[in-house]
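To start, the structure under review is shown below, and the notes come after it.
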Number of protein chains: 2
Amino acid sequence: MKVNVKNHTMMYPAPAVVASAYDENGNADACTLAFATMCSHHPPAVMIAINTTLKRKTLKSILHSKEFCLAYPSVEHAAEVDYLGIESGYNEDKLAKINFTHQKGEKVNAPIINDFKVSVECKVMHIAEIGSHTQITGEIVNVQADEDVITNNKIDFLKLNPLAYDDITHSYYNTGEKIGDAFKIGLKYKK
Amino acid sequence: MKVNVKNHTMMYPAPAVVASAYDENGNADACTLAFATMCSHHPPAVMIAINTTLKRKTLKSILHSKEFCLAYPSVEHAAEVDYLGIESGYNEDKLAKINFTHQKGEKVNAPIINDFKVSVECKVMHIAEIGSHTQITGEIVNVQADEDVITNNKIDFLKLNPLAYDDITHSYYNTGEKIGDAFKIGLKYKK
C-alpha cells in the first residue's frame, strides 16, 4: 500500500561528484555535490546545482571563472569525497589537506583533480537561480580518464566503481552488478 | 596515466527514472529518463531534461499540463523501464502494454504509476531549452511510497534497490552495499 512520506528532494540513485574551479587568485577550490546530471547530448553537457548562499566557495569561483571540472569519484575515495563536502574552502585548502594534487585542465582554466579517475572539463553555458540552488549547465569540452578504468576505449562503469549518495539517510552506496543492456531488455514488450 | 577519451555526456551513477504526465486528452504518457537530478532543498525540487525534438510525447504533455510525476524504479522493473524508454507514446499505450496501472496524483493532475514503489508529484517551476534538451525543474509537492520500502518513516535505499544507467555503454546497473555515513566518514580529515 502506498503512503505519503515527508516531502524532501530525492533521486535514486544520486551521484557523489566533485566540482572544481580556480578562484580569482588562481587557487583551486573543490566541493562535493549530489545535485548533478547529464542534461544534453548535443553538445554534451552536465548540469550541477549548488546552494546559492555562496557559503560554498566553489560556486563563487565557478561564477567568476565560468569554467569548471567535474570528477566522478570511485568508492575507494568515499572518505575524501565526504570531507570535500563538509569542510569549506574558506577555512582550509581542502585538496592539500587530503594530499590530493591537481593541474589545469587541457581545454579549460579549471583544476583537474589527479586522484579521481575520470573528470570532464566544462565551460558554463547557462546559469539560473531556482529554489535554494544555482543551476549551472556546463558544456563538456574534454574528458580525461585513467587508463585503468578504460575498456575498448570507453570508460568502464565497473572499473570506475562510482559512488552513489542517498540524501534521505545521508549515506553513500556502492554501485553493483550489471543488470542488462539498455535498448535491448525491453524489446520483449515491443512487437 | 590519464588519457583523453571521446567527448560524451556522462554521469556516474546516473538514475533510470520514469516521468509521467497527462496529454491534452487526459491520456497518461510515461517515458524513461537518465537526465534527472535533485536541484533544490527549499522548496524540494528535481530537474529533468528531455530531448527537445518533441519526439517524446511525455515532454509535450508536461509542457501542456505543467505538472508531472517522477517514479524511481527498482531493479526488478528494469525490462519495463527499458521498454518505456524505447517505445514512443505516439505508437502505443505503453503502460497498458506492460500491464502497469496508474491513477491521478493526490496533489497534481498527473498520473502516478502504481507499479513503481516510490514517486514524487511535481509542479513545473522553470523551463529552459539548453543544448539538445529541455530542462524542466519541478517542485516536489508530494511523495508517495510503498510501505514495504519504508524503514523508520524514511524511504530505504536498499529496499527500493534503485536502478542505475550508464549512457556510455547503454547498460543498467544495480546499486549495492552501504559504504558509509555522509558528514561522518570524512571527519577524520577535519581537525
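The values are calculated or read from the model by the stated rules, or taken from the named source; none is laboratory data. Just so it is clear, the model here is predicted, and its values are computed rather than measured. Cβ: placed from backbone, ideal geometry, glycine included. Neighbour counts: every protein chain shown.
A few comments on the model shown:
- Failed item in (1) within 8 Å of another protein chain (Cβ to nearest Cβ); (2) out of contact with any helix residue (DSSP H, G or I) (no Cβ under 8 Å at 6 or more places or on another chain); (3) surrounded by 16 or more Cβ atoms within 10 Å (Cβ to Cβ); (4) more than 20 Å from A:Val108 (Cβ to Cβ), with A:Glu80 passing the rest: (2)
- Options B:Thr58, B:Thr53: the member that is modelled with pLDDT under 95 and not small (Gly, Ala, Ser): B:Thr53
- Residue in region B:158-174 that is more than 17 Å from the chain's Cα centre (by Cα), under 27 Å from A:Tyr172 (Cα atoms) and more than 7 Å from chain A (Cβ to nearest Cβ) present: yes
- Candidates B:Lys178, B:Lys154: the one that is surrounded by fewer than 17 Cβ atoms within 10 Å (Cβ to Cβ), touching a residue at least 12 places away in the same chain (Cβ under 8 Å) and at the interface with chain A (Cβ under 7 Å from one of its Cβ atoms) is B:Lys178.
- For B:Ala110, the criteria (1) touching a Ser or Thr at 6+ places or on another chain (Cβ under 7 Å); (2) facing another protein chain (nearest Cβ under 7 Å); (3) in contact (Cβ under 8 Å) with a residue 12 or more places away in the chain hold in every case but one, which is (2).
- Some residue of region A:1-10 being without any contact (Cβ under 8 Å) to a residue 24 or more places away in the chain, assigned to a loop (DSSP other than H, G, I, E, B) and of a type outside the set (A, V, I, L, M, F, W, C): yes
- Filtered by the rule that a residue be over 21 Å from B:Tyr189 (Cα atoms), buried (at least 16 other Cβ atoms within 10 Å of the Cβ) and out of contact with any Lys or Arg (no Cβ under 9 Å at 6 or more places or on another chain), region A:93-108 gives a lone residue, A:Gly105.
- Residue that is nearest to the other protein chains (Cβ to nearest Cβ) [pool: residues in region A:11-53 that are closer than 25 Å to A:Asn99 by Cα and free of Cβ contacts under 8 Å to residues at least 12 places away in the same chain]: A:Gly26
- Yes/no for B:Phe116 being part of a loop (DSSP other than H, G, I, E, B), within 25 Å of A:Phe183 (Cβ to Cβ) and either of a type in the set (Asp, Glu) or touching a residue at least 60 places away in the same chain (Cβ under 8 Å) (or both): yes
- Of residues in region A:32-41 being in contact with an Asp or Glu (Cβ under 9 Å, 6 or more places away or on another chain) and part of a strand (DSSP E or B), the one surrounded by the fewest Cβ atoms within 10 Å (Cβ to Cβ): A:Met38
- Taking each residue of region B:85-104 that is within 12 Å of another protein chain (Cβ to nearest Cβ) and looking for partners that are among the β-branched types (Val, Ile, Thr) and part of a loop (DSSP other than H, G, I, E, B) with beta-carbon atoms closer than 9 Å, six or more apart or interchain, yields B:Leu95/B:Thr101.
- Whichever residue in region B:125-140 is of a type in the set (Val, Ile, Thr) and crowded, with 18+ Cβ neighbours inside 10 Å and, among such residues, is farthest from B:Met47 (Cα to Cα): B:Ile130
- Residue that is nearest to A:Ala34 (Cα to Cα), among those in region A:58-113 that are among the charged types (D, E, K, R) and part of a strand (DSSP E or B): A:Glu67
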